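Every number here is computed from the coordinates shown, using simple stated rules; none is lab data. What you are looking at is a predicted structure, and each value in this text was computed from that prediction instead of being measured. Here the Cβ positions follow ideal geometry from the backbone for every residue, glycine too, while neighbour counts run over all protein chains shown.
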Amino acid sequence: MLELKNISFGALTDDGKKEIIKDISIKFDGGFIAITGPNGGGKSTLAKIIAGIEKPTCGKIYLDGEDITGLSVTERARRGISFAFQQPVRFKGITVNDLIRLAAGRDITVSEACDYLSQVGLCARDYINREVNASLSGGELKRIEIATVLARGTAVSIFDEPEAGIDLWSFSNLINVFERMRERLGGTIIIISHQERILNIADKVAVLAAGELTAYGEKEAVLPGLLDDSFDACKVLKDSMKEASV
């Protein structure tokens, strides 16, 4: 189980210190959790705090009862936390096959590596020996990164807006990938997204607005409120979801 207790995060801006995350406490006890909310609400920052990329100003993070607040990205990865960036990193000189084998942490076969690529809608023979460099598009890099998360098979997998830069056919395929991940790997899958189709396959939905956790619970209980124009924050989210679906 992943637990956040009283997490806050501030950053210095030209106008002084800005509080981005405000005293968030939440438990992720397995299943598929979608974190959504208006743009600038703190979703990606919270994901980076969980992964160890950012350090909270205050509060604690626990993984299966262990305090991991002070652990680095690498140490958290060793304990079973994976993170897929909104803008994936390029690795000049490293092939796609190398990257998937490194992610798996074991000596997998080329056939196994190709299977992970196929799951994210890439023709394995066209990509397995390519370098992870500028020759790959943003969408290709995103799918390769998701393949590496699949290969790791960790207890906690975090995806920051996986739909960004993905065409409609590939996006439909990714929905199937996430559903299979939930069935096959178990654990906790956390996805930052505005996409209604992703929210609809989640077990639980968390809503962040202006750095605060405004809702968290079963999808059936939370989603109807997101489309209610009587709440200003939800109106902004509704508009964001419309833009994301275009």
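Taking a 21 Å limit on the Cα-Cα distance, which of the listed pairs Lys142/Lys204; Lys27/Lys204; Lys55/Lys92 fall beyond it?
With Cα atoms farther than 21 Å apart: Lys142/Lys204; Lys55/Lys92.
Convex hull over the alpha-carbon atoms of the chain: what's its volume per residue in Å³?
Per-residue hull volume (Cα only) is 132 Å³.
Could you work out the relative contact order of region 44-139? I mean the mean sequence separation of Cα pairs under 8 Å and 6+ apart, divided by the number of residues, in percent.
Normalised by residue count, the contact order of region 44-139 is 24 percent.
Could you point to the residue in Ser25, Ile50, Ala113 farthest towards the positive end of the chain's charge dipole, with +1 and -1 charges on the Cβ of Lys/Arg and Asp/Glu respectively?
Ala113
Arrange Arg79, Arg180, Arg143 by Cβ neighbour counts within 10 Å, fewest through most, would you?
Ascending number of Cβ neighbours within 10 Å: Arg180, Arg79, Arg143.
Regarding region 81-205, what whole-number volume in Å³ per residue does the convex hull of its Cα atoms give?
Taking only Cα atoms, region 81-205 has a hull volume of 96 Å³ per residue.
Magnitude of the Cβ-charge dipole of region 2-245, K/R +1 and D/E -1, about the Cα centre, nearest 20 debye?
540 debye
Under 19 Å Cα-Cα from Lys17, which aspartates and glutamates qualify once same-chain neighbours fewer than 8 residues away are excluded?
Counting by Cα, and skipping residues close in sequence, Lys17 has these aspartates and glutamates nearby: Glu54, Glu212.
Only residues of region 92-114 count here: report those whose backbone N is under 18 Å from the spot 7 Å along Cα→Cβ of Asn129, or say none.
Under 18 Å, as judged by backbone N against the label point of Asn129, lie 93-101, 109-114 of region 92-114.
Taking Rh as the Kirkwood radius computed over C-alpha pairs, what is the Stokes-Einstein D of region 1-105 at 10 °C in a medium of viscosity 1.306 mPa s, expressed in µm² per second?
The calculation lands on 103 µm²/s.
Rounded to the nearest 500, what is the chain's calculated 222 nm mean residue ellipticity when only DSSP H runs of at least 4 contribute -39500 (n - 2.57) each, over all residues?
-12000 deg cm²/dmol
Please compute the contact order of the chain in relative form: average sequence separation of alpha-carbon pairs under 8 Å and at least six residues apart, divided by the residue count, as a percent.
With pairs under 8 Å counted, the relative contact order is 26 percent.
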